[in-house]
Amino acid sequence: MSAIDGKRFFVYVSNRPRAIALVPAHALSDTNGTFLSVRIRRDGPSDTNGDVKVEVNVERVDSALRYYSPLDIDAVYGCAGILDYQGDTYMFLITRCQYVCNLAELNPRQPSKPVFRVVQVMTLSLTDSIFDSQAYRRMPGAMYDEVTQGDMDIYGITNPCTQMTNFLEN
């Protein structure tokens, strides 16, 4: 196992209220393990209008993880960002990366810090579970396929983040 594999996160979700949890791989076996939970709150009259507030909490595995369900995906490397777009808020998770170099190799005065290139990104909604299913991610027009704007999967759902995902992967 490489050093980067030991720093991966398992992804869990809660739907009431909707939240995404990033659980460090080592935290599940640590009696004092903690994880990050991310959810949004909107200040406005409806779910799609108003200011969005992203709430990030550190929670204990032993007391809070039971309210989440594991998402059926491989562990991720981290979060590339959060975007509020078209009435929804999305989290971009890094699912594959590639080693580029170590900063100490380029400049011996630099501390040893590996640099990685993002190769694959996955999008999850912070308000809806539609992008959670494995079936959705395998459909044409889903986040791992190259599609043009407006392409739709078999459920008639357009992935609004396809262009951003492609941008982050290149």
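The values are calculated or read from the model by the stated rules, or taken from the named source; none is laboratory data. The structure presented is a predicted model; accordingly, all values stated were derived computationally and were not measured. Cβ atoms come from the backbone with ideal geometry, glycine included; neighbour counts cover every protein chain shown. Each accessible area value is taken on the protein alone, full model and side chains, heavy atoms only, with ligands, DNA and RNA left out. Shrake-Rupley method; radii C 1.70, N 1.55, O 1.52, S 1.80 Å.
For this structure, a couple of remarks:
- For the stretch 100-125, a tally of residues being closer than 30 Å to residue 87 by Cβ and in contact with a Leu (Cβ under 7 Å, 6 or more places away or on another chain) returns 4.
- Residues of the stretch 125-144 that are at pLDDT below 90, open to solvent by less than 10 Å² (accessible area, probe 1.4 Å) and of a type outside the set (S, T, N, Q): 131, 136, 141, 142, 143.
- The stretch 73-92 residues that are among the hydrophobic types (A, V, I, L, M, F, W, C), paired with ones that are crowded, with 16+ Cβ neighbours inside 10 Å and part of a loop (DSSP other than H, G, I, E, B) (beta carbon under 8 Å, 6 or more apart): 75/8; 76/8; 82/126; 83/161; 91/126; 92/161
- Index of the failed condition, residue 62 passing every other in (1) surrounded by fewer than 16 Cβ atoms within 10 Å (Cβ to Cβ); (2) in contact with a strand residue (DSSP E or B) (Cβ under 9 Å, 6 or more places away or on another chain); (3) modelled with pLDDT of 90 or more: (2)
- Residues satisfying the stated conditions in the stretch 7-34, i.e. open to solvent by 20 Å² or more (accessible area, probe 1.4 Å), more than 20 Å from residue 81 (Cβ to Cβ) and not aliphatic (A, V, I, L, M): 15, 16, 17, 26, 29, 30, 31, 32, 34
- Flag if residue 41 is of a type in the set (Lys, Arg) and modelled with pLDDT of 90 or more: no
- Pairs linking a residue in the stretch 1-20 that is charged (D, E, K, R) and at pLDDT 90 or above to a residue that is open to solvent by less than 50 Å² (accessible area, probe 1.4 Å) and not in a loop (DSSP other than H, G, I, E, B), with Cβ atoms under 6 Å and 6 or more positions apart or on different chains, are 8/25.
- Test for residue 147: is it at negative phi, of a type in the set (Val, Ile, Thr), surrounded by 15 or more Cβ atoms within 10 Å (Cβ to Cβ) and at pLDDT 90 or above: no
- For the stretch 95-124, the set of residues classified as touching a residue at least 60 places away in the same chain (Cβ under 8 Å) and surrounded by 14 or more Cβ atoms within 10 Å (Cβ to Cβ) consists of 97, 114, 116, 124, listed by residue number.
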